[in-house]
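Structure first, commentary second.
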Amino acid sequence: MNKKVFFIFVVICFVVIGILPILFMLAKSVNVDGRFSLYFYKNFMNSSREWTLIRNSFTLSFLTTLFTTIIGLPLGILFAKTDLPFKKLFTVLFTIPLLIPPYITAISWFDLLGREGLLSKILNPATAEITSKWLFGLPGCVLILFSTFLPVIILLTITFLKTINPRLEEAGKLVSGWPGVLKGITIPLIMPGLLLASILVFLLTLGEFGVPTFLRYDVFPVESFTQFSAFYNFGAATAAAAPLVIITFIVLVIERIFLREKTYQLHPAVGGDKSSKINLGAYRKWFLIIVILLCFCIIILPFFVLLFHSLSVDVYKEALSRAGDSLFRSVAYAAVGASALSVLGFFLGYLIHSKTFRFWRAVDSLTIFLFALSGTIIGIGLINLWNRSATNFIYATPLIIIFGYLAQYTALTSRITVSTLAQIPSSMEEAAQVSGAKWMRRITLITAPMAKRGLIAGWLVGYIFCLRDMGVTMLVYPPGHDTLPVRIFTLMANGSTELIAALCVIMIIATLLPLGIGGILFKLRGFLK
Amino acid sequence: MSIIEFKNVSKYYNDTPVIQNFSMKMDSGERVAILGPSGCGKTTVLRLLAGFTSPDSGEIIINNQIVAAEGKIIKEPEERNLGMVFQDLALWPHLSVKGNLEFGLRAKRVQKIKREKYIPEMLKLMQMEKSIHAKPAELSGGQQQRVALARALILHPEILIMDEPLSSLDQDLNVQLRKEILKLHNKIGFALLYVTHDREEAFDIGSRIIVMKDGKVERIGSSEEIKKHFD
């Protein structure tokens, strides 16, 4: 098959699965009784609730971004550039909240700070009353989303620090101490990347649905979900979703214009891993104590509260009997979703990397746009496009969930592919071309095997994000096909605290176990050398 | 008869000319070295000849067939029957020495029985038969060069292009491998287009030298003529 024809087919698949549902949803929302009308939008704009939603959404996103950036940047520098003990362990620990559904973190904090939480037993109900009020609202949402998205800043800071040519810092070190070098050279060099990471956190918070729903804080995705699922008012749901689509689009356009060229230039530097390390000296133990305290408060403590509340074999037996099928489905759908994401992401990543078409930037931007968009919007779009008798083989089957995963998370695998391919010299494929190999043979026998580490990493990341997904799945799952995050969410209405805690622990284990096994296997086989 | 011809070829990157009105001819079995400093456009000439990039104007002709002209690649690299040794060698790290050599033979659908014959023969010619199952990372610099050369020659190309292949080697090994390249050339008889910034290497390998500067041909002549000019 001709290379360009194949890649056009790949792009069409992506557009049909990801973009068409959004366009279809927007087009349908301005069509009332077969005529163009802005009725739903006018209604929505005229309500005072609209302004509350705008204020709440922006406040939550701004504060979460502010705190994650202020705390995440120093942590990233500490883990990447200093002699802080156990920094690899800390990096892994701080990443955990990103890997589990954020509302599970919310449940664990509820089990700690809620009216009947652990705190009420340790201290007194009056204190728990205060902490509960604090948790249900803006501060609670900011706390949980801060711990969820903190790893985005930490991991991207670590990644971008590796792009700095060590000679640049060494030249600075000749005339200044590390604080001066960090302030004057290192941080300005990674600033485009840091801003990109902050924008990502802002958009992910803006689209977050599970935590604000659980903590009863009204934001756009909650309103959109409520209008759709409780009232089945599609027009109002879309009107509530439209501002999110527009804001996400505008923010990404701004990012594209001002930052993208600069972040594309951030490639791994030669010797970037061997850059000189900052000796913390006498401050080492103080930094260690601060990191341990932060790690304990936002990661270990909530997890132990869940464990504490579910310390009974009977509870786990009940949890498995009530949600064992959902667990199995979650793992199966996540595995299928991750495989599909790996394939689609690899080809889109290849297209972006090799600039196969002039519109490669548009493809890249659209994948990021869908990733940053709220899962509820993608879900509503998918339902509207595929909910018809001719396409019931998609809508009424788990295929619709896989479509949801592909729409939302392709950016992850395509970006991982782009980064991986950037590290393979172009001469490798050119040598295969001179040897007479056609493009598919070159990709399958040379490029893909050389990119296997990236492909495996992409599969694992895809698996985790599919497994933790709730925004899309909650809306699109066909009857009898709910996943564990959805089952936990629905059981929260009438399940006991112990049962919910046990299910959350099972969910965390299901997420982290393959990562642990994968990590050990890779190390044994030398994949991570 | 000319096997390679560049007719007024120009190439621009972001409106900056990399090569301008470049013309040259090369006969079958001839050895030509392109000599010039970094950034003079010599690697671009090779990439144009291989088909990795297209000329903005002018024509490239191989074996009397126009393979690229005026922004278009008419014949893809895999159809040009060229062998190429890259500056970084581009040995596929996930494949063994045998795998690296076998790749092109498989792509050209050479039967297994013939593949099993050609690979040991070629490795014997390169004195590399003992390393047939080794991965590139397990080989020394000189051995990697030989494998890259073997891979380029296994399909019996009429033209071999080499992009500063010896630049990363120490002087002794560099001289030794030059001799081996010349020996192979005499034995097999391919047309050799060799790019280097090293005068001694160019005079040693090329029977004819093309001196390039700022994307243009500054001088063309026999090895002796160019040597005299520099002296």
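Every number here is computed from the coordinates shown, using simple stated rules; none is lab data. In this text, all values refer to a predicted model and were calculated from it rather than measured experimentally. Please note: Cβ atoms are built from the backbone with ideal geometry, for glycine as well, and neighbour counts cover all protein chains shown.
Taking a point 7 Å out from the Cα of B:ASN64 in the direction of its Cβ, the residues of the range B:24-39 whose backbone N falls within less than 20 Å of it are B:24-30. Once both labels are positioned 7 Å from their Cα atoms along Cα-to-Cβ, the gap between B:ASN14 and B:LYS228 label points is 4.4 nm. Shape index of chain A: Rg/Rh, with Rg the Cα radius of gyration and Rh the Kirkwood radius from the inverse mean 1/r over Cα pairs, equals 0.97. When A:LYS162, B:LYS114 are sorted by how many other C-beta atoms sit within 10 angstrom of their C-beta, beginning with the fewest, the order is B:LYS114, A:LYS162.
Applying 1/(1 + (r/R0)^6) with R0 = 56 Å to the Cβ-Cβ distance of A:TYR39 and A:ARG167 gives a FRET efficiency near 0.35.
Summing +1 for each Lys or Arg and -1 for each Asp or Glu among the other residues whose beta-carbon sits under 15 angstrom from that of A:LEU20 gives +2. Using θ = phi - 60° in the Karplus curve 6.51 cos²θ - 1.76 cosθ + 1.60, the 3J(HN,Hα) couplings for the range B:33-45 round to 10, 9, 10, x, x, 4, x, 7, x, 5, 5, 4, 4 Hz; x is entered for Gly and Pro.
Sorted ascending by nearby beta carbons within 10 Å, beginning with the fewest, A:TYR463, B:TYR118 become B:TYR118, A:TYR463. Amide H contacts of B:GLU218 (H built 1.01 Å from N, in plane; Pro and chain starts excluded): B:VAL211, B:MET212, B:LYS213 sit under 5 Å, all sequence-distant by 5 or more or on other chains.
Seen from A:THR483, the other residues with C-beta closer than 9 Å to its C-beta sum to a net charge of 0, counting Lys and Arg as +1 and Asp and Glu as -1.
Among B:THR16, A:THR511, sorting on how many other beta-carbon atoms sit within 10 Å of each Cβ, with the fewest leading, yields B:THR16, A:THR511. Between A:LYS438 and A:PHE86, the contour length at 0.36 nm per residue exceeds the Cα-Cα span by 121.9 nm. Remark: the range A:447-459, residue by residue, has Karplus-estimated 3J(HN,Hα) of 5, 4, x, 6, 9, 4, 4, x, 5, 5, 4, x, 4 Hz, where x stands for each Gly or Pro and the curve is 6.51 cos²θ - 1.76 cosθ + 1.60 at θ = phi - 60°.
Phi angles of the range A:186-197 translate, via the Karplus equation with coefficients 6.51, -1.76, 1.60 and θ = phi - 60°, into HN-Hα couplings of 4, 5, x, 5, 9, 4, x, x, 5, 5, 4, 4 Hz per residue; Gly and Pro are given as x. When you look at the Cβ of every residue in A:448-456, what mean number of other chain Cβ atoms sits within 10 Å? That average works out to 1.
Of interest is the spacing of the C-alpha centroids, which for the range A:198-237 and the range A:473-522 amounts to 21 Å.
The amide H of B:ILE19, built 1.01 Å from its N in the peptide plane, has B:LYS11 as neighbours under 5 Å, considering only residues 5 or more places off or on other chains. Centre-to-centre separation between the Cα atoms of the range B:150-199 and those of the range B:69-97: 16 Å. Take peptide A:417-430, look around each residue's Cβ out to 10 angstrom, count Cβ atoms belonging to other protein chains, and average those counts. Partner Cβ neighbours, averaged per residue: 3. I need the calculated FRET efficiency for the pair A:ASP314 and A:ASN494, taking r as the beta carbon distance and R₀ as 22 Å, to the nearest 0.05. Step by step, r from the Cβ atoms, then E = 0.75. In chain B, the longest principal axis of the Cα atoms and the axis of helix B:112-125 are about 70 degrees apart. When DSSP beta bridges are restricted to pairs lying wholly in chain B, around 60% turn out antiparallel.
In a fully extended conformation the segment linking A:ALA396 and A:LEU293 would gain 32.3 nm over its present Cα-Cα distance, using 0.36 nm per residue.
The mean number of partner chain beta-carbon atoms within 10 angstrom of a residue's beta-carbon across peptide A:434-447 is 6. With K and R counted +1 and D and E -1, the other residues having a Cβ less than 12 Å from that of A:LYS133 yield a net charge of +1. DSSP bridge analysis restricted to the protein assembly as shown gives an antiparallel fraction near 60%, rounded to the nearest 5.
Put simply, the amide H of A:VAL32, placed in the peptide plane, has neighbours under 5 Å in A:SER37, leaving out anything fewer than 5 places away on its chain.
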